[in-house]
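**Q** Below you will find the structure I want to go over with you.
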Amino acid sequence: MLALGGSTATPPGALTAPVVEVQSLAEVEQLGRDRLAGKIVFFNRPMDPTFIRTNLAYRAAGDQRFRGPAQAARFGAVAALVRSLTFAADDVPHAGMTAFPPEVAPIPCAALGLQSADRLSAALRADPALRLVLTINARHLPDAPSCNVIGEIRGREAPDEILVVGGHLDSWDNTPGAHDDGAGVVQAMEVLRLFRALGLQPRHTLRCVIFTNEENGARGAAAYAAAAKERGEKHLLALESDAGGFTPRGFELGSAQGPVHERAAGQWRALFEPYGVSAFTPGSGGTDVAPLQAQGAIVGELVPDSQRYFDYHHAATDTLDHVNRRELELGAASLAALIWLVDTHGL
């Protein structure tokens, strides 16, 4: 197992308690305090494999990890366990954030690899009264300074109008984060390198932003958006790559000015289709660029093929040997192409 972000430690000498398996937050409320006080609540609903876009399966099951432990704590649970958000049939647990509102005291909570989750579920069916011994050593350290990393190519015609491409610098402590989000960081930097290598001087300022603190607070994104507003910067477009370095399939795009994804598709889909990039869908940008939409920017993100992403997402297996260089380069080239089109023709 692996402690979740936001977990507290178990008491000295470990925690021993009965386990109650549930499939939803609603089931926790139905069982109530009488059934759950003093227990370990085990959320074991799997990601739904019928979703072809696996990020939708992740979102559908993600309430268990993000809000489940707090829901369990409200009804007196002493700890929570969550089935990892993955399709990988291995025993590697996947980290991630959980949230405790101010009125709910945090409890120890951890993710289980799928094989461990299945074993625990089978053991509970054989003996519903079994007791689990749980040890978690999580602790909270004081905040420390951190920084966004920014580089740019100044625009030749409108340097005060900005096109952003970015990824995030942090990963969970159990993993190098090669796909989440080392791939996005490399692709964002590669966009600037491609412009330089091709001798392209953008009309607008092209800025690469490597955001800090995406995984457990998004304070890098908030600080960047606040600084942009304070300086009166005008962002035309803000794209990010935070879905792995896999084969690019399209883009999600969003704007307060209407269905910008349809305009992009109508103008440029034929240019991308020979490269297997054909999906232009509505979205609100990723975590790091989403705040810029309120300031008038078109926001979006690269959409790679998603079938393997959650095998590695937030897991110790998210290592460089699982990143394919050609796929990574195709994603960077797709981002650079879209940015060049917006810079040259507008959207």
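Please treat every number below as a calculation from the coordinates, not as lab data. If you're wondering where the values come from, they're calculated on a predicted model, not measured in any experiment. Counting neighbours? That spans all protein chains shown, and the Cβs are built from the backbone with ideal geometry, glycine included.
**Q** Using a Gaussian network model of the chain whose springs link C-alpha atoms within less than 10 Å, name the residue from Ala89, Ala61, Ala138 with the highest mean-square fluctuation.
**A** Among Ala89, Ala61, Ala138, the largest GNM mean-square fluctuation belongs to Ala89.
**Q** Between the helical axis of 325-345 and the dominant principal axis of the chain, each derived from Cα atoms, what acute angle in degrees is found, rounded to the nearest 10?
**A** For helix 325-345, the angle is close to 50 degrees.
**Q** Using only alpha carbon pairs under 8 Å that are at least six residues apart, calculate the relative contact order of the stretch 107-201 and give it in whole percent. It would help to have the intermediate numbers written out before the result.
**A** Numbers: 33 pairs, mean separation 19.1, N = 95.
Here the relative contact order equals 20 percent.
**Q** A further question on this structure: Place the peptides 209-221, 259-271, 240-252 in order of packing, highest mean first, counting for every residue the other Cβ atoms within 10 Å and averaging per peptide.
**A** 240-252, 209-221, 259-271
**Q** Enter the angle in degrees (range 0 to 90, nearest 10) between the Cα long axis of helix 25-36 and the first principal axis of the Cα atoms of the chain, meaning the one along which they spread out most.
**A** Tilt of helix 25-36: around 30 degrees.
**Q** Relative contact order (percent) for the chain, with alpha-carbon contacts under 8 angstrom and 6 or more residues of separation?
**A** Rounded, it is 18 percent for the chain.
**Q** In addition: Determine the relative contact order of the stretch 149-345: mean sequence separation of Cα pairs under 8 Å and six or more apart, normalised by residue count, in whole percent.
**A** Result for the stretch 149-345 is 30 percent.
**Q** Here's something else I'd like to know. Taking springs between alpha-carbon atoms closer than 10 angstrom, which of Asp305, Asp143, Asp181 fluctuates most in the Gaussian network model of the chain?
**A** Result for the chain, Cα springs under 10 Å: Asp143 fluctuates most.
**Q** Rounded to the nearest 20 debye, what is the charge dipole size of the stretch 88-143 about its Cα centre when +1 sits on each Lys and Arg Cβ and -1 on each Asp and Glu Cβ?
**A** Result for the stretch 88-143 is approximately 180 debye, rounded to the nearest 20.
**Q** Could you check which residue among His204, His140, His94 shows the biggest mean-square fluctuation in a GNM of the chain with a 10 Å Cα cutoff?
**A** Judging by the Gaussian network model, the answer is His140.
**Q** Helix-derived [θ] at 222 nm for the chain: sum -39500 (n - 2.57) over DSSP H runs of at least 4, divide by residue count, nearest 500?
**A** When only DSSP H runs of four or more count, the value is -9500 deg cm²/dmol.
**Q** Taking a temperature of 37 °C and a viscosity of 0.692 mPa s, what whole-number D in µm²/s does Stokes-Einstein yield for the stretch 2-134 with Rh from Kirkwood over alpha carbon pairs?
**A** Result for D is 223 µm²/s.
**Q** In addition: Given points 7 Å out from each Cα along the Cα-Cβ axis, report the Asn216 to Ser146 separation in nanometres with one decimal.
**A** Between Asn216 and Ser146, the simple spin-label model gives 0.8 nm.
**Q** Hey, what angle do you get for helix 183-197 against the long axis of the chain, alpha-carbon based, 0 to 90 degrees rounded to 10?
**A** Roughly 10 degrees between the two axes.
**Q** What ranking do 52-58, 161-167, 4-10 get when scored by the average of other Cβ atoms within 10 Å per residue, highest first?
**A** In decreasing order of mean packing, 52-58, 161-167, 4-10 become 161-167, 4-10, 52-58.
**Q** Given 10 Å bins starting at zero, what is the percent of C-alpha pairs of the stretch 107-151 in each, up to the one with the largest pair distance?
**A** Taking all Cα pairs of the stretch 107-151, the binned fractions are 18, 32, 21, 15, 11, 3 percent.
**Q** Let me ask something else about it. Treat the stretch 223-301 as a sphere of radius equal to its Kirkwood radius over Cα pairs and apply Stokes-Einstein at 37 °C in a medium of 0.692 mPa s; give the translational diffusion coefficient in µm²/s, rounded to a whole number.
**A** The diffusion coefficient I find is 250 µm²/s.
**Q** So how do 36-44, 313-321 stack up, highest first, on mean other-Cβ count within 10 Å?
**A** The packing order, highest mean first, is 36-44, 313-321.
**Q** With each label point set 7 Å from Cα along the Cα-Cβ vector, what nm distance links Ser284 and Glu157?
**A** 3.3
**Q** Distance between Cα centroids, the stretch 143-195 to the stretch 282-320: provide it in whole Å.
**A** About 13 Å separates the Cα centre of the stretch 143-195 from the one of the stretch 282-320.
**Q** Shape verdict for the stretch 145-264, please, from the Cα gyration tensor: rounded (a/c under 1.5), prolate (a/b greater than b/c) or oblate.
**A** On the way: a/c = 1.41, a/b = 1.28, b/c = 1.10.
Verdict is rounded for the stretch 145-264.
**Q** Identify, among Pro102, Ala79, Ala138, the residue whose Cα sits farthest towards the positive end of the charge dipole of the stretch 74-200, taking +1 on the Cβ of Lys and Arg and -1 on the Cβ of Asp and Glu, with the dipole about the Cα centre.
**A** With unit charges placed on the Cβ atoms, the residue in question is Ala79.
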